[in-house]
Structures are given as structure tokens and as C-alpha cells.
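Notes to accompany the following structure.
We did not get these values from a lab; they are worked out from the coordinates using the rules stated. Bear in mind that the values here come from a model prediction, so they are computed numbers and not experimental data. Cβ placement follows ideal geometry from the backbone for every residue including glycine, while neighbour counts extend to all protein chains displayed.
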Amino acid sequence: MPVETAWGLRIEEVRPKTRSRCLVFRDDLDAVRSAAMEATPPHGVIIVVTAGDAVAALLGTTWHSTPPEPLMTTTLRKVAPSLPIGYDATTTIDAGVVNVRIRSEAGEVVAAGYTAVVGGVAVVDRVATDPGHQRRGLGTAVMNALTAAAMEQGAVTAVLHGTEEGRALYERLGWQMRSKITSFSHQA
């Protein structure tokens, strides 16, 4: 679960390439400095809306940035289920986190995504489609399944940190870009 801080949210994770993610909501370098002290090395991540160049200068050479990426929102609405022929979808909920998986006929997971609802807002995360299965409607199918599950849990709106590659899909589905954000990863 996210931990609220004076500068935003800290999320502790146990993944090989990420130990903690710090989402800095304030647009000032003091907030970034505070988050940097809490982003657990190695592999801590700080996500900011502040100017990337100023943050890079503050953090130094042990932090590497991504190009700015879209932060998007939408008002959720009922959508018709969609799943291309030859694929099977499952939706599970564990500790409030919705996990959508789409498998090929061979049984391999080829598209997936997560969402969790907090205060009526669905936070969508890690939506991805295997490159060999892209351009078949699987991304739309994942997003539609996440939307349906989020609405069942009381979500009215949703937010996601996407990639430029995924932006066209999200915009087609009615999402709007609100800001560009930059991620900084600590490389020990």
C-alpha cells in the first residue's frame, strides 16, 4: 500500500529492478530532495512533474532518467467486453488489486494489466502486450476488462502513467493527457 508523505506517495516493492517508487506531487526541488532520501538504493525510482533537467542536476549521475511520459486520466464508462478469437482472458482480485491476463491458445500470457481502486479512482498500472501479439486488440481487451472490474469496485475515474507507445491506444479509449512526467531510477 502507498505511504503518504509530505511530498507525495512512497510505494515499497519487492521486484528485481525496483525497490521503492516515490511519486512526487509537489513541483519543487525540496520535495525531490526529500524523496531521493527515501528512494531505497539500489533501484529506487522517483517520478516527478518538475522540470527534468533541474531534477537531473539535483540528483547527480547515479540517477538515470526516462524521457517524459504521459500521465493520463479518464471518466470511466461501461464498455462492451472485447476479446479477439483465439485468446482467453482471466480477471482475478488479490488484496484489492485487479489482475487481468490474456493468454494465447498455447496458454502463454501475451497481454496483461493491473488496477487498484482508491477513493473512487482506479490506478491502472503495467499494461503491456507481447510484441508478437500487438495490433490485434489485446490492449483494448485488457483496458476494457480493467475498466469493468474497477467500476464494480466503485471507481468513477481512472489515472495511469503510460508510455508514448501506449498513448494512442489510451486516447482512442477516451483517456486525456494531463501532464508529462519523468522517472528517475537510482543505479547503484
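Observations on the structure shown:
- Relative to the longest principal axis of the Cα atoms of the chain, the long axis of helix 138-152 makes an angle of roughly 80 degrees.
- The residues packed around Arg167, meaning those with a beta-carbon under 14 Å from its beta-carbon, carry a net charge of -1 if Lys and Arg are +1 and Asp and Glu are -1.
- Estimated [θ] at 222 nm from DSSP helical runs (n ≥ 4, -39500 (n - 2.57)) normalised by residues in the chain, nearest 500: -6500 deg cm²/dmol
- Farthest positive-ward along the stretch 45-117 dipole, Cα basis, beta-carbon charges - from Met72, Ala57, Gly107: Met72
- Ala106/Arg33 FRET efficiency (R0 30 Å; Cβ-Cβ; nearest 0.05): 0.05
- By other beta-carbon atoms within 10 Å, ranking Met151, Met72, Met143 with the fewest at the front produces Met151, Met72, Met143.
- The stretch 74-182: relative contact order as a whole-number percent, Cα under 8 Å and 6+ apart: 29
- For GluC sites (Glu not before Pro), the sites in the stretch 84-156 that DSSP calls loop and that have at most 16 other Cβ atoms within 10 Å are Glu105, Glu108.
- Local net charge near Lys180, Cβ-Cβ under 15 Å (Lys/Arg +1, Asp/Glu -1): -4
- With R₀ fixed at 30 Å, the C-beta to C-beta distance from Leu83 to Thr157 puts the FRET efficiency at about 0.75.
- Going from the residue with the fewest nearby Cβ atoms within 10 Å to the one with the most, Leu173, Leu23 rank Leu173, Leu23.
- For the chain, the longest site-free run once trypsin sites (Lys or Arg not before Pro) in DSSP loop states with at most 13 other Cβ atoms within 10 Å are removed: 18-76
- Pairwise inverse Cα distances across the chain, averaged and inverted, put the Kirkwood hydrodynamic radius at 17.5 Å.
- In the stretch 21-105, chymotrypsin sites (Phe, Trp or Tyr not before Pro) in a DSSP loop with at most 16 other beta-carbon atoms within 10 Å: Phe25
- By the beta-carbon count within 10 Å of each Cβ, the least crowded to most crowded order of Leu83, Leu169, Leu138, fewest first, is Leu83, Leu169, Leu138.
- Between 0 and 90°, nearest 10: helix 29-38 axis offset from the chain longest Cα axis: 70
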